[in-house]
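Notes to accompany the following structure.
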Amino acid sequence: MAGITAAMVKELRTKTGAGMMDCKKALGENDGDVEAAIDWLRKKGLAAAAKKSGRVASEGLIGVVTNGTRGAMVEVNSETDFVARNDQFQGFVSEVAKIALAAGSDVDAIKASDFPGAGRTVEEQVTHLIATIGENMSFRRAVALEVSEGYVGSYVHGAVSDGIGKIGVLVALQSSASEDVLAPLAKHIAMHVAATAPQSLTVEDLDPQLIEREKTIFSDQARASGKPDNIIEKMIEGRMRKYYEEVVLLRQASVVDGENRIEQVVEAAAKAAGTPITLTAFSRFALGEGVEKEETDFAAEVKAAAGV
């Protein structure tokens, strides 16, 4: 291994798409001969990853993990739902979520972290799984929430295993109340967020351009009615109020109890606990949102999965 340079490893990785540790081993096994190392990786099935890296990966799983005042969530994508049901893939998603709990929201930092028991980084483990399982995969995004005092709760919809599924939600509550009080409240809010996909926590958090766009639309609609200006202003105010109730979490009516707004749900819990509770943040990941999906022939997809 003494004659193996970083440049040689980089060259081999570029040509094969294999992980760094696999490339080092291949070069070591073949006395630094890059072409022989390529053949070695191909025989091991580790050079296949590069050929698969161009495929669209829009399936996969969301992984969520919490620990008291901290929580993290990740999205790892695969090409098909078949792979999402693979135990090896599910285990990978769970481990990456745990790594994110310590590393935070920085995807690059998580990719550079050691993957437990593999002798590889997270990024290298992705490449290894691509070669092993036979589909393109990508670690797409991550988020971590934390409070100085209180509780970070979660909810996973469409769960296929503990903490992994199709939709994941984190909710952060700042409070001195006990976990017995905060945990069910966080679960209530997280389930609501999973169902409604709010755009912001408060009105102030909404994108100003989005607000102006809605006001312009409502204004044009109101003026088309031909009513006086003072009536039009009231119509716009009423429509904007309704719009906020649709997209702002604290303004939304809870889908869990069907009556109270989320801000009222939090206030009621704080009153019962005898101490303030503040909903400071939330995050919602829905699998594949924003990923441009390819139209595929399902029969061909099944054949490919079966190796036909």
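The values are calculated or read from the model by the stated rules, or taken from the named source; none is laboratory data. Remember, it's a predicted structure, so these values are computed and weren't measured experimentally. Glycine also receives a Cβ, built like all others from the backbone with ideal geometry; neighbour counts cover every protein chain displayed. Heavy atoms of the whole protein, side chains included, go into the accessibility calculation; ligands, DNA and RNA do not. Shrake-Rupley method; radii C 1.70, N 1.55, O 1.52, S 1.80 Å.
With θ taken as phi - 60° and the coefficients 6.51, -1.76 and 1.60, list the Karplus ³J(HN,Hα) couplings across segment 10-15 in order, rounded to whole Hz; mark glycine and proline as x.
Karplus-based 3J(HN,Hα) across segment 10-15 equals 4, 4, 5, 5, 5, 6 Hz.
Could you tell me the center-to-center distance, by alpha carbons, between segment 135-168 and segment 90-113 in angstrom?
11 Å
Considering the alpha-carbon set of segment 121-175 alone, what are its Rg and its Dmax in angstrom?
15.4, 47
Taking all protein chains in place and a 1.4 Å probe, what share, in percent, of the accessible surface of segment 81-156 do carbon and sulfur account for?
Answer for segment 81-156 is 43 percent, counting heavy atoms of protein chains only.
What translational diffusion coefficient, in µm²/s and rounded to a whole number, does the Stokes-Einstein relation yield for segment 136-227 at 20 °C and a viscosity of 1.002 mPa s, taking the hydrodynamic radius as the Kirkwood radius over Cα pairs?
The calculation lands on 131 µm²/s.
Quickly rank 184-197, 203-216 as a protection proxy: mean count of other C-beta atoms within 10 Å, highest first.
184-197, 203-216
Show me the ranking of peptides 131-139, 166-174, 29-37 by mean Cβ neighbours inside 10 Å, starting with the highest.
Result, highest mean first: 166-174, 131-139, 29-37.
Whole-Hz Karplus ³J(HN,Hα) for segment 125-140, in order, using 6.51 cos²θ - 1.76 cosθ + 1.60 and θ = phi - 60°, x for Gly and Pro?
Karplus-based 3J(HN,Hα) across segment 125-140 equals 5, 4, 4, 4, 5, 4, 5, 6, 8, x, 9, 5, 9, 8, 8, 8 Hz.
What's the ranking of 140-152, 235-247, 67-79 by average number of surrounding C-beta atoms within 10 Å, highest first?
For the peptides 140-152, 235-247, 67-79, the packing ranking is 67-79, 140-152, 235-247.
Which ³J(HN,Hα) values, rounded to whole Hz and listed in residue order, are derived for segment 223-229 from phi using the Karplus coefficients 6.51, -1.76 and 1.60 in 6.51 cos²θ - 1.76 cosθ + 1.60 with θ = phi - 60°, glycine and proline given as x?
Couplings: 5, 5, 6, x, 7, x, 4 Hz.
Kirkwood hydrodynamic radius for the chain: how many Å is it when counted over pairs of different Cα atoms?
22.3 Å
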